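What follows is one structure encoded as structure tokens, with my remarks underneath.
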Amino acid sequence: MILTKTQILTAARKSLTVTVPELGGDVLLRRMTASDYWRMKKAGRDLDWDDPVAALAFTLEYLSLSIVDPDTGNPVFSADDRDALASLDPGVVDRLFGEALVLHGVKREAMEDVVKNSDGTSSCDGGSDSPGCAATRTPTTCSPS
């Protein structure tokens, strides 16, 4: 079947429900739009990952673009709300960030390469079900799945 313009532009993006007991429920993550993804990818490549303030700001923006309302599909957090995410338990932020990375196709192996090669030029071919990417804090060196 050949898709129409409308079918292509209205197709649902992949999503993932993450149970977060610390928050008392579930969080819905959805792949961000292509424009947001590629903007974040560039920002991640340019980021000094040794700067914890910059890394946290990137993480919170990544999450704010990935956490969506299950009823509307719209992001739950606006740019003005991102600082509020910083008040969450760091384990919750790390877990959600790791799940968002996996949802966007970041492979664990690529993250390990980035840690070994501090120049940040590692890449991968996308797609993974491997958790654990959040610890390296460099999600943008890979292509989406």
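The values are calculated or read from the model by the stated rules, or taken from the named source; none is laboratory data. Note that the coordinates shown come from a computational prediction; the quantities given were computed from them, not determined experimentally. No Cβ is skipped: glycine too gets one built from the backbone with ideal geometry, and neighbour counts run over all protein chains shown.
With respect to residue 92, determine if the residue is within 20 Å of residue 49 (Cβ to Cβ) and either modelled with pLDDT of 95 or more or in contact with a Cys (Cβ under 7 Å, 6 or more places away or on another chain) (or both). Spell out the reasoning first.
Working: within 20 Å of residue 49 (Cβ to Cβ): no; either modelled with pLDDT of 95 or more or in contact with a Cys (Cβ under 7 Å, 6 or more places away or on another chain) (or both): yes.
Criteria not met by residue 92.
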Requested in this report: Only residues that are crowded, with 16+ Cβ neighbours inside 10 Å, of a type in the set (A, V, I, L, M) and either free of Cβ contacts under 8 Å to residues at least 24 places away in the same chain or not in a strand (DSSP E or B) (or both): list them for the range 24-55, please.
Outcome: 32, 40, 47, 55
Query raised in the report: Can you name the condition, by its number, that residue 65 falls short on among (1) in contact (Cβ under 8 Å) with a residue 24 or more places away in the chain; (2) surrounded by fewer than 16 Cβ atoms within 10 Å (Cβ to Cβ)?
Result: (2)
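Modelled with pLDDT of 50 or more, hydrophobic (A, V, I, L, M, F, W, C) and under 15 Å from residue 15 (Cβ atoms) - does that describe any residue in the range 74-83?
Pass one, the range 74-83, residues modelled with pLDDT of 50 or more: 74-83.
If we keep only those that are hydrophobic (A, V, I, L, M, F, W, C) as well, we get 76-77, 79.
Now drop any that are not under 15 Å from residue 15 (Cβ atoms), which leaves 76.
Yes, the range 74-83 has at least one match.
For residues that are more than 13 Å from the chain's Cα centre (by Cα) and either surrounded by 18 or more Cβ atoms within 10 Å (Cβ to Cβ) or under 19 Å from residue 26 (Cβ atoms) (or both), tally how many sit in the range 85-106.
Taking the range 85-106 first, the residues more than 13 Å from the chain's Cα centre (by Cα) are 85-92.
Subsequent filtering for residues that are either surrounded by 18 or more Cβ atoms within 10 Å (Cβ to Cβ) or under 19 Å from residue 26 (Cβ atoms) (or both) retains 85, 88-89, 91-92.
So the count comes out to 5.
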